Structures are given as structure tokens and as C-alpha cells.
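Notes follow once the structure below has been shown.
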């Protein structure tokens, strides 16, 4: 019985020893399979947009130092995202056991502007954003080729045409525009100054933008102008021997015709510049007036108080009067066309009547009998005579009166007086 306790004591010591050896083996195996890292290091996973990079382990905290430790070259314009947040190379990162750094390489962008070349680097997604991040400010009238919406997928060459100010004279208006257009037509169109079909510019629309002088817009219009003209009808007198002299009868009334002329009128900025006659046409033909006039000599008489006067013709005429000092001259004149001194009894008529009635007598009620002995200008459209007076017996006449042409009648008196 004393031997049993010794057996269990020995067995327990061996069991404890075996358990310790097993624990030490498991820990050694775990340590062999787990990579050893210095205390306080972070596990950095680097990812380039063009492909992955092997992870690195470093105690560095500044982004630039981490990249240098990973043997990553820092290039101008590269973009760095740490766990999705953008950082600059000189910034320190917050403490973390594990980070993911994404590297977006920059593209080389060659700018050509006003004949000068400039190179920038950017990892922005679009050209517009790349220009903005590099301090290049554009206006809506600047021209960029390719467009600012272009996605950057590698090196790029960009042409920038900066807008400049140009004065435009549009009629009476002066407008200052900014444009980078190549031609005048393009500059006007992009500034809402559209040209109509007839409009022109100085210089022409296909010419380059002028330097030191304005662009003149010539607003051209045209219109058709119609002008009417009356065509007066002709008179035809038919002599009738069975009708008394001095009488007449219209057998066909005359009618005026009408002619229409067409002109094309051109205007520039509201002012007429030229006209072109495009012909005329007769809308209505005139109708000749036919009048029967008498040629039969008839002796008539008119009573003047206690006596009567024989006459061969009577006419309604407009009667005026004149005297030596009332003829519109600065001096007084008694001379007449016949040589008879001007006084009461001298009658002036138009030159056409004078050739017919010179030396014959006319009876004018209220004046008496006078002799055609002088000429005057007459009144257009009316039969007219001017009654002569001296200064002492002058009477002012301005009225229509029926007068009587006394016998004997001169030869070749026309049926219708001129």
C-alpha cells in the first residue's frame, strides 16, 4: 500500500512536463507561421490606379516618407488617397494599424496659348478641372480644344484661344463684345448678333477679326414702291356746220387712264441708298373725249342801254384789271404790245388769244367796249382778260363775267379757244 502513492506522484510529474512541452511546441509553431514585425508598425497596402503594388510595413507617419519607404517616386500632379481621403505628400497621417493608399498618376498636359507653350501635370478626371487646379481661369468666350469636358486618360495637348474685346457698330448702336472666334461671322453669331439674308459687314463676314477698328454691321433692306400716274384723255373736236358757232356738244365723255410704275428701293441702316426702275404698266387706258363744235356763223345782238351791239361769240372769262402803276413793276408803264398807251378801253389777253383777236373789240358788262391791244400772263386753266385803266379811273376787277366778241369776226377763229 505504501508503493501506490509513489506511482501517482511520479505519473503526475510526467504529465505536467509533457503538457509544458506541448504548449511550448504550439507557441513555437504559431510564431514560426506569423511574420515578425517591429513594435508600433502599420501595415500599408499601396494601390496604383494602373495596377497594384506589394504591401509595405513602416513606422513612418508622413505620407511622403511612407511613399519613399515603398520606393514610390513623387511626381508633380500625382493624387494620393488614404482610405478614400485626399492627402498631400507633406501631411502626416492619423494613427492606424492598417491603411490603404491609392496613387493616381498625373498626366502631362501641354498648353499652347497665344503662341506660347506651357506644361502642367494633373491627375484630375477632366481637362476643365485640371486647368482650374493649376490656376488657369477661362471665360465663356475663350476657346479650348479639346473641350473642357474631355476626360484625361494620358498625356494631352491643349490649344487655348483667349477671347479679346472687339467693338461692333450695329446701325446707331455700339456694342462691346468678347470673342475668340476666327472670323467676323463666327464672332457675331456667338454673341447673338445674327445677320439677315441681305445684311453685310465691313470687313466681310469671312475675314479675320480686325485690330484697332470696329466691325460695322450694315443692315440692308429693300422694298417695292408702286407709283401711280394719271394718263390724261385726249380731246377730239368734230366741226359741225349745222351748229351755231360758239356752241358745242360732248358726244363721248373722256376718261383718264392710269399707269403704274414699279421701283425697288434699297436701304442701309434705314437710309435709302439706291433705286432700280422695274418698268411700268397701264392699268387703265384713257378714253378720248369727242365734242361736236358749231361752225355756222350767227349774228346776235346784246342791248346796252339805248343801243344794241352785234356779236358773234360769247364766253365766260375771269376778268382782272390793271393800270400803268399797277403791273408789278417798280415804275409806272403805259406801253402795250400794240403801242396804244395804256388807258381805259385797252384789253390785255393771253399771247394765244392775242394772235387771234388783236385789234378786235369785246364788250364787257360793267366796263363797256374795249379793244384787244395788249398781252398778259393769264391764269392757268381759265379763259382770262385784263381790263386797262388809267390811274385816275382805276376799278379793281376779280370775277367771272360773260363777255361778248363783237362783229366783225376775225378770220380763222377756232371753234374751241385755246
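The values are calculated or read from the model by the stated rules, or taken from the named source; none is laboratory data. The structure presented is a predicted model; accordingly, all values stated were derived computationally and were not measured. For neighbour counting, all protein chains shown are included, and Cβ atoms are generated from backbone atoms with ideal geometry for every residue, glycine included.
Do we find that residue 162 is surrounded by fewer than 15 Cβ atoms within 10 Å (Cβ to Cβ), modelled with pLDDT under 90 and touching a strand residue (DSSP E or B) at 6+ places or on another chain (Cβ under 7 Å) in this structure?
So residue 162 passes the test.
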Next item on the list: Within the range 65-99, track down each residue that is loosely packed, with under 15 Cβ neighbours inside 10 Å, over 60 Å from the mean Cα position of the chain (by Cα) and not in a loop (DSSP other than H, G, I, E, B).
Entry: 69, 92, 98
Next item on the list: Scan (1) at pLDDT 95 or above; (2) surrounded by fewer than 12 Cβ atoms within 10 Å (Cβ to Cβ) for the single condition residue 328 breaks and write down its number.
Entry: (1)
Check: residue 401 versus (1) modelled with pLDDT of 95 or more; (2) closer than 14 Å to residue 315 by Cβ; (3) buried (at least 19 other Cβ atoms within 10 Å of the Cβ): which is the lone unmet condition?
Finding: (3)
Check: Which of the residues that make up the range 168-182 are in a strand (DSSP E or B) and either within 28 Å of residue 148 (Cα to Cα) or modelled with pLDDT under 85 (or both)?
Finding: 176, 177, 178, 179
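State all residues of the range 135-151 that are in a loop (DSSP other than H, G, I, E, B) and free of Cβ contacts under 8 Å to residues at least 24 places away in the same chain; if no residue qualifies, say none. Outline the logic, then answer.
Step one: of the range 135-151, the residues in a loop (DSSP other than H, G, I, E, B) are 135-142, 146-150.
If the condition is that a residue be in a loop (DSSP other than H, G, I, E, B) and free of Cβ contacts under 8 Å to residues at least 24 places away in the same chain, then 135, 137, 138, 140, 146, 147, 148, 149 are the ones that fit.
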Next item on the list: Please specify each residue of the range 91-109 satisfying the condition of being touching a residue at least 24 places away in the same chain (Cβ under 8 Å) and over 13 Å from residue 77 (Cβ atoms).
Entry: 91, 92, 93, 95, 96, 97, 98, 99, 100, 101, 102
Note to self: For the structure I just gave you, tell me whether residue 366 is surrounded by fewer than 12 Cβ atoms within 10 Å (Cβ to Cβ), closer than 24 Å to residue 399 by Cβ, within 60 Å of the chain's Cα centre (by Cα) and without any contact (Cβ under 8 Å) to a residue 60 or more places away in the chain.
What the structure shows: no
Item checked: Residue tally, condition part of a loop (DSSP other than H, G, I, E, B) and either buried (at least 16 other Cβ atoms within 10 Å of the Cβ) or in contact with a strand residue (DSSP E or B) (Cβ under 8 Å, 6 or more places away or on another chain) (or both), over the range 183-195 -> 3
Note to self: Among the residues in the range 127-137, are any over 23 Å from residue 86 (Cα atoms), modelled with pLDDT under 90 and outside the structural domain of residue 72 (by TED's automatic domain parsing)?
What the structure shows: yes
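Which one of 122, 145 is modelled with pLDDT under 90, surrounded by fewer than 18 Cβ atoms within 10 Å (Cβ to Cβ) and over 30 Å from residue 199 (Cα atoms)?
145
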Note to self: Please determine whether any residue of the range 233-240 is outside any loop (DSSP other than H, G, I, E, B), in contact with a strand residue (DSSP E or B) (Cβ under 9 Å, 6 or more places away or on another chain) and over 30 Å from residue 412 (Cβ atoms).
What the structure shows: no
Check: If you go through the range 251-265, how many residues are surrounded by 15 or more Cβ atoms within 10 Å (Cβ to Cβ) and part of a loop (DSSP other than H, G, I, E, B)?
Finding: 1
